[in-house]
Every structure is written in structure tokens, then in C-alpha cells.
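Read-outs throughout are calculated quantities, based only on the coordinates presented, and are distinct from any laboratory measurement. Since the structure is predicted, the reported quantities are computational estimates derived from the model, not experimental observations. Here the Cβ positions follow ideal geometry from the backbone for every residue, glycine too, while neighbour counts run over all protein chains shown.
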Amino acid sequence: MKILIASSIDSDAIEQLKQHHQVILAFNKPNEPLETLIPDCEVLVFRSGVKISAQLMERSPNLKLLIRAGSGLDNLDLDYVQRNGLVLIRIPQPGAKAVAEMTFALMLALSRRLFEADQSMRQARWKKYELSGYLLQGKTLGIIGIGEIGGRVAEMGMAWGMKAISHDGFLSPERARLLSEKGVELLDFDQVVSQSDYLSLHVPLNESTRYMINASVLENMKPGSYLINLARGGIVDEQALYKALTSGGRLRGAALDVHEKEGEGKLSPLASLNNVILTPHIGAMAVDAQREIGQRVVEIVKSYKASPNQVKVPRNGGVVIESDSQTVRI
Ligand code: MLT
């Protein structure tokens, strides 16, 4: 089979695929080169950082299977996938563990001003009495979007002695009951925003979440609170965030792993602020998580090759989105 891998995935997985298939590697390329490489490919493997447009997919009439080696689908023309009956399999769980852990890393780094402390040490400064911070324990952790990642963040927060509150407009009654039983309080969006000491975003990017965190939402945040975004750039209005952080507003700091403009050479408008932590979309970049994703990719391809009309979801693994499904969530 001919497989186009359009994003970097675990190298062992690539070697395993190469043993049985013709594998084309073209990581994070713009659409033009991808369009010349995709003809005859049956399988397309991708992550964030590439645009999987209808124009690209229609260049390969043989294309049958798309493997999203991770979670988000904002870079994919889902209508095309559904209209053409392509099989799309996401592998959200391994990356979710890594993103949830990194959410905590950023909350701790913000609260204890770790990057400022590190910078001052490198300048031979001893700022012991200037660099006091805050405990997580006893604080309120607000989670916007409580799916695979948000659920893990809530569990970790409660284990840390935080109160977990959440808003999610798409919860099934069963999941809502389960979350309540576990101790997560489900509230309106505005209530979560105004009550959270740490507001962490875990929603997909779509028309209803674009600029979900805008100037008026930032004005409603609790005084002394922190904003953490490991979901997608575009959910937070970065210009409004800059104003909120520089105009003596309510926010104490922010950490962003995802940005309105991502990629080499792009400078965030928040780059000059020392109460902001910026990272280059590395939430899911834990070696263990990527290794697990890679192995799932290999299993999915194997199962597709064995019976193309009946792709099996790996145990504990991906979600098959059938062409008629309406229930696509991050
Ligand atoms: C994801 O949606 O899984 C993450 O953004 C990681 C990625 O694909 O780069």
C-alpha cells in the first residue's frame, strides 16, 4: 500500500510501516508539494501543522483511510471526508495524558514563577524574597471542555487538593453524572470564568469556540487568576489577552502552548511579557505518548490491510468516525 505520512510520527512506527508498504514522508509541508505526493496513496497519516483540504484529498482517488495521529480535527476538511465515505481514525488517548500533565507543568511554573527564577539565577541574581508565588492546593481549577484531556486535568487537580469546576456544552447526561460523582462541579461558562483561579481550556477550535476567550470574558475573570491554553490557537484573542495582562486587569499570568500564528519565525504578541509562558505546541510531545500513538498507527494500517472494509478500532484506541457521523469531538 502507498502511505503518505504528512506529519512527524514516532520513527520506530515509520520503520515498521516501511517493511510492508511504500511510505512517503513529507512532514509539515504546504499543500502544493503534498498534492504532488498524494496521488495513488490509500492511507494518509497526519497531525496538526498541515492543512488536509478537500483539494489535497481529491488528488488521490485511491484515498480510503485517514489516520489522525492525535486529537484535533480543525486542520481537516471533515465535510469532504464525510461526503466521500472515507474512514477517519483518531488516536486521542496517548496525547491526552501528555497534554494533561503539561497543563499541570504550566500551572506550577506560572504559580511559582519558575522561568523568572531560572532567568534571574543565570544573571547571578538572588531574588529569593521577590519571587514568592502561590499554592495550587485550595484553589479553584476551571476547565472549559471536559473530554479526554479536560477530564484528566480535573482528576489531577482534585488529587492536588483543588476544587474542580467545569463547563462543557456537549456533555451526555451519563458523563455529566459520572463527573459529578467524581466531584467535578458543572456550571455555566460565565460562572466558571468568574470563579476560577486557574482557567484551563480544552475545547476544539471551531466556529463556536473561535475567540471564546475575548476582551469581555477576560474582564470577568477572577482577580489574580491565570489562563492556560493547550487546546488551540484562535480560541484566545491574543491582542485582548495582551491588553488584559498589561492594563492592570484581573489576570495574574497566562501560559500558552498553542498560538494564533504557529511555526518557525512567528513571534507571539505576548513575547515581551514576563508573566506569560510560551511553548511551541509541545503538549503531546512526550516520547512515551508519541511511541504509543506510533504503535496504534501501525496496528490500524495492519488491520486495514487485512480487511479494508472493516477497519478495527485498536483496543483502547482510536475512534472511527463513519462518513455519516455527526458526533465529532476533540
Ligand atoms: C493533537 O491535537 O493531538 C495535538 O495538537 C498534537 C499534534 O497533533 O501535534
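What area, in nm² and to one decimal, does the C-alpha convex hull of region 231-297 cast on average over all directions? If you can, show how the numbers build up before the last one.
On the way: hull surface 22.8 nm².
One quarter of the hull surface, i.e. the mean projection, equals 5.7 nm².
The Cα trace of the chain gives Rg and Dmax of 21.0, 65 Å, the first to one decimal, the second as a whole number. The angle separating the long axis of helix 92-111 from the principal Cα axis of greatest extent in the chain is about 20 degrees. Shown for region 11-78 is the translational diffusion coefficient from the Stokes-Einstein equation, using the Kirkwood radius over Cα pairs, a temperature of 4 °C and a viscosity of 1.567 mPa s: 104 µm²/s. Remark on region 1-41: Rg and Dmax equal 10.2, 28 Å (Cα only). Using only Cα atoms, find the angle between the long axis of helix 287-306 and the longest principal axis of the chain, and express it within 0 to 90 degrees, rounded to the nearest 10. Tilt of helix 287-306: around 20 degrees. Under the combined filter of DSSP loop state and at most 13 neighbouring Cβ atoms within 10 Å, region 204-280 retains these GluC sites (Glu not before Pro): GLU207, GLU264. Note on the chain: dipole from Cβ charges, positive end direction compared against ILE277, ALA26, ALA215; the farthest Cα belongs to ILE277. Of all beta bridges that DSSP places with both ends in the chain, some 5 percent have antiparallel geometry. Within the straight-line cut-off of under 18 Å between alpha carbons, the aspartates and glutamates reachable from LYS163 are GLU101, GLU155, GLU181, GLU185, ASP188, ASP190, ASP197, sequence neighbours fewer than 8 places apart in one chain being disregarded.
Name the lysines eligible as straight-distance cross-link partners of LYS29: C-alpha to C-alpha under 22 Å, and not fewer than 8 places from it in the same chain. Correct list for LYS29: LYS2, LYS18, LYS51, LYS64, LYS261, LYS266. Against the chain, whose longest principal axis comes from its Cα atoms, helix 173-182 is set at around 50 degrees. Taking a point 7 Å from the Cα of ARG112 along the Cα-to-Cβ direction, the residues of region 155-191 with backbone N closer than 18 Å to it are 156-162. Most tightly packed first, judged by the mean number of other beta-carbon atoms within 10 Å of their residues, the peptides 245-252, 267-274, 104-111 read 104-111, 245-252, 267-274. For region 1-73, the set of trypsin sites (Lys or Arg not before Pro) satisfying both a DSSP loop assignment and a count of at most 13 other C-beta atoms within 10 Å is empty.
Three principal axis extents of region 178-274 based on alpha-carbon atoms, in descending order, are 46, 29, 21 Å.
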